[in-house]
Amino acid sequence: MVGGGVSTSEPLIVGGKVYIAVGDQFMGGTVSSTYTNRLVRIDKESGEVEATGQLAGTLNVTLTSRPIYSGGMVYVALDDGLVQAFDAKTMKTRWVSSTTTDADQSTGALRIVDGVLYVGTSAGSTGPGALRALDASSGKTLWTFASSSGYNWTSPVIVGSCLYIGDTAGTVHVLDAASGKELSSISLCGYAINSDPVASKDGSRLYVATKDGTLYKLAIVADGSLQKTASVKALSYCVSAPTVIGSTAVIGGTNALSGKGASLAVVDLDSMSVICTVTRDDKNTISSSSGSISSPVLVSQSSAAIWCYFTVNDAKRAADGSYLYGGGLYVWRLGDSVAHLLYLPTSNAEYCDYPVICDADGFLYYINDSGYLVRLGRGASPDSIPGTDATSSSASATSSSSSSSSPSATSSPSAAFSVATATRSDRLTSGLQAKQQQRQQLSATTQEEPLLSGFASDSQQENPEKASPDAAAEKDASGMPLWPIVGLGAGVIVILIALLRQHHKRI
């Protein structure tokens, strides 16, 4: 443990293991710790580091980059446009791709479809960049599509034979997925697209959020080109992808009315109108005026309710430089007027634009800029949590079996609290769910398949063979996916690496 901060990727869950890539730089400075320049594999039950693999050279891992798992390999994006492939069991390098001509960053998710790995880069938040297609087995570059505006915090979605990706100039490019040739493009409002496009389940529509908080509904016509059909100003600032639940989207950012403070917006996708916004928890606003929700929302649906889990990118320093608060985890039940604070970090308080993810057993995981990975357990039934309004207060939970209290926040690694329970009938209805269920109809998966690769909202694809393997699930005897048994309960464990402080906020 040393001074300074180290950048980390988003976590990736594969079977009973958690993989995180750790860099050696932050804000232009070089730092060191036990795990810098390494891919770290952690046992998800004990929190112990089992093994590490050396990252190529001294290249940094960009904050918010998302590794991916496929075919026994873990792929990690590095700066300079490099991708490194590891054997998931031995943690040894399989291959390292060639570098790009510019010192670009890879800040989005990696995608793999039909044995082809896609990686987008950008030179800073507004500079040029490129999208590259690599052979996932060898790392060989198949094609490159260069753009004067890069791909910052965004990655592609594939529908049929077409690939769609948004850039920092607010343009959605339509490429031939096999050759990389640009087929068409559509310019939105001129604001950057800093999140992934989300395709409808039937492949007829694309939903794209721009940095000014506008959510667009685009029609995919017969030749694969896009047409604007509707839009709504849901937020004043947005760098997170929408999570789609049927004809509803949940998306995070900054309050559209005041232009200040974190806000969750719920949008009717048929009418493209805002149904409601959530800016408060049981007692306070969910952030200061400068805070925002900067990552996709994880959604769980039970027979009785729909639950939305999200992190808030906000923090406050004390006079001595330590953080008074920051990087908390919240849950909101569809229909409630306020959210609930589930976990409030203390020694690991920091900014957070990482999403929360889940495993097949219903445990939640997330990492904030402190470099600690947090694992949260399961507990009481979601049916037991009453709706609240801005004047209600949250009772303090003392037992995971409590059936009458609202969720209460905890900052202690051993504190008990009551939140949602999941059963095998629960369903995750974000974009990832439809993709997973389609893939489950084709073939059973193994424990080495990933559950969520650090991203809650992803593309829904008409053709399951075109769905990227960000997510997979085991089946029970009935053939139904066992996950996402999303719910929280007794026990919060801060389990990972002390990589120390870093200030990070998407701008």
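The values are calculated or read from the model by the stated rules, or taken from the named source; none is laboratory data. From a predicted model like this one, the values you see are computed outputs, not experimental measurements. Backbone-built Cβ (ideal geometry, glycine too); neighbour counts: all protein chains shown.
Against the definition (touching a residue at least 12 places away in the same chain (Cβ under 8 Å) and not aromatic (Phe, Trp, Tyr)), how does Ala262 come out, yes or no? Let's see the steps before the verdict.
Numbers: touching a residue at least 12 places away in the same chain (Cβ under 8 Å): yes; not aromatic (Phe, Trp, Tyr): yes.
Yes, satisfied.
When you check Thr121 against the structure, is it modelled with pLDDT under 95, within 18 Å of Thr62 (Cβ to Cβ), part of a strand (DSSP E or B) and of a type outside the set (A, V, I, L, M, F, W, C), yes or no? Lay out the reasoning, then the answer.
On the way: modelled with pLDDT under 95: yes; within 18 Å of Thr62 (Cβ to Cβ): yes; part of a strand (DSSP E or B): yes; of a type outside the set (A, V, I, L, M, F, W, C): yes.
Taking the combined requirement at face value, the residue satisfies it.
Every residue in the range 83-96 that is in a strand (DSSP E or B) and loosely packed, with under 15 Cβ neighbours inside 10 Å, please.
If we filter the range 83-96 for residues that are in a strand (DSSP E or B), which is where we start, we get 83-87, 93-96.
Hit for the range 83-96 is Asp87, nothing else.
Find the residue count for the range 211-220, including only residues that are in contact with a strand residue (DSSP E or B) (Cβ under 6 Å, 6 or more places away or on another chain) and part of a loop (DSSP other than H, G, I, E, B).
Qualifying residue count, the range 211-220: 1.
Within the range 97-156, track down each residue that is crowded, with 21+ Cβ neighbours inside 10 Å, more than 26 Å from Ala209 (Cα to Cα) and either touching a residue at least 60 places away in the same chain (Cβ under 8 Å) or not aliphatic (A, V, I, L, M) (or both).
Listed by number, the residues that qualify are Ser97, Thr100, Ala136.
Working carefully through the options Thr107, Thr99, Thr64, Thr52, find the one that is in a loop (DSSP other than H, G, I, E, B) and either over 28 Å from Thr171 (Cα atoms) or in contact with a helix residue (DSSP H, G or I) (Cβ under 8 Å, 6 or more places away or on another chain) (or both). Step through it out loud before you land on a result.
Values: Thr107 fails: either over 28 Å from Thr171 (Cα atoms) or in contact with a helix residue (DSSP H, G or I) (Cβ under 8 Å, 6 or more places away or on another chain) (or both); Thr64 fails: either over 28 Å from Thr171 (Cα atoms) or in contact with a helix residue (DSSP H, G or I) (Cβ under 8 Å, 6 or more places away or on another chain) (or both); Thr52 fails: in a loop (DSSP other than H, G, I, E, B).
Among Thr107, Thr99, Thr64, Thr52, only Thr99 is in a loop (DSSP other than H, G, I, E, B) and either over 28 Å from Thr171 (Cα atoms) or in contact with a helix residue (DSSP H, G or I) (Cβ under 8 Å, 6 or more places away or on another chain) (or both).
So Ala178 ticks every box in (1) within 21 Å of the chain's Cα centre (by Cα); (2) surrounded by fewer than 21 Cβ atoms within 10 Å (Cβ to Cβ) but one. Which box is left unticked?
Condition not satisfied by Ala178: (1).
Of the residues Ile158, Ile165, Ile193, which single one is closer than 16 Å to Leu131 by Cβ, touching a helix residue (DSSP H, G or I) at 6+ places or on another chain (Cβ under 7 Å) and among the aliphatic types (A, V, I, L, M)?
Details: Ile165 fails: touching a helix residue (DSSP H, G or I) at 6+ places or on another chain (Cβ under 7 Å); Ile193 fails: touching a helix residue (DSSP H, G or I) at 6+ places or on another chain (Cβ under 7 Å).
Of Ile158, Ile165, Ile193, the one residue that is closer than 16 Å to Leu131 by Cβ, touching a helix residue (DSSP H, G or I) at 6+ places or on another chain (Cβ under 7 Å) and among the aliphatic types (A, V, I, L, M) is Ile158.
Output the residues belonging to the range 133-145 that are part of a strand (DSSP E or B) and more than 16 Å from Val172 (Cα to Cα). Before you say what the answer is, go through the steps one by one.
First, the residues of the range 133-145 that are part of a strand (DSSP E or B): 133-135, 141-145.
Across the range 133-145, the qualifying residues are Ala133, Leu134, Asp135, Thr141, Leu142, Trp143, Thr144.
Of the residues Gly328, Gly362, Gly371, Gly379, which is of a type outside the set (Phe, Trp, Tyr), modelled with pLDDT of 90 or more and crowded, with 22+ Cβ neighbours inside 10 Å? Steps first, answer last, please.
On the way: Gly362 fails: modelled with pLDDT of 90 or more; Gly371 fails: modelled with pLDDT of 90 or more; Gly379 fails: modelled with pLDDT of 90 or more.
On inspection, the qualifying residue turns out to be Gly328.
Kindly establish whether Val239 is more than 27 Å from Ile357 (Cβ to Cβ) and surrounded by 17 or more Cβ atoms within 10 Å (Cβ to Cβ). Quick ask: steps written out before the conclusion?
Values: more than 27 Å from Ile357 (Cβ to Cβ): no; surrounded by 17 or more Cβ atoms within 10 Å (Cβ to Cβ): yes.
In short, no.
Name the one entry in Ile112, Ile165, Ile158 that is at pLDDT 95 or above and under 17 Å from Val96 (Cα atoms).
When all the criteria are applied, what remains is Ile112.
Taking the condition touching a Leu at 6+ places or on another chain (Cβ under 9 Å), surrounded by 19 or more Cβ atoms within 10 Å (Cβ to Cβ) and in contact (Cβ under 8 Å) with a residue 60 or more places away in the chain, does Ser200 pass?
It is true that Ser200 is touching a Leu at 6+ places or on another chain (Cβ under 9 Å), surrounded by 19 or more Cβ atoms within 10 Å (Cβ to Cβ) and in contact (Cβ under 8 Å) with a residue 60 or more places away in the chain.
If Cys189 satisfies every condition in (1) over 23 Å from the mean Cα position of the chain (by Cα); (2) over 19 Å from Val113 (Cα atoms); (3) modelled with pLDDT of 95 or more; (4) not acidic (Asp, Glu) but one, which is the exception?
(3)
How many residues does the range 157-168 contain that are part of a loop (DSSP other than H, G, I, E, B) and under 15 Å from Tyr216 (Cα atoms)? Before the answer, list the steps.
Going residue by residue through the range 157-168, those that are part of a loop (DSSP other than H, G, I, E, B) are 160-161, 167-168.
Restricting the remaining residues to those that are under 15 Å from Tyr216 (Cα atoms) gives 167.
Here the count works out to 1.
Tally up the residues in the range 297-306 that are at pLDDT below 95 and in a loop (DSSP other than H, G, I, E, B), please.
Going through the range 297-306 one residue at a time, the tally reaches 4.
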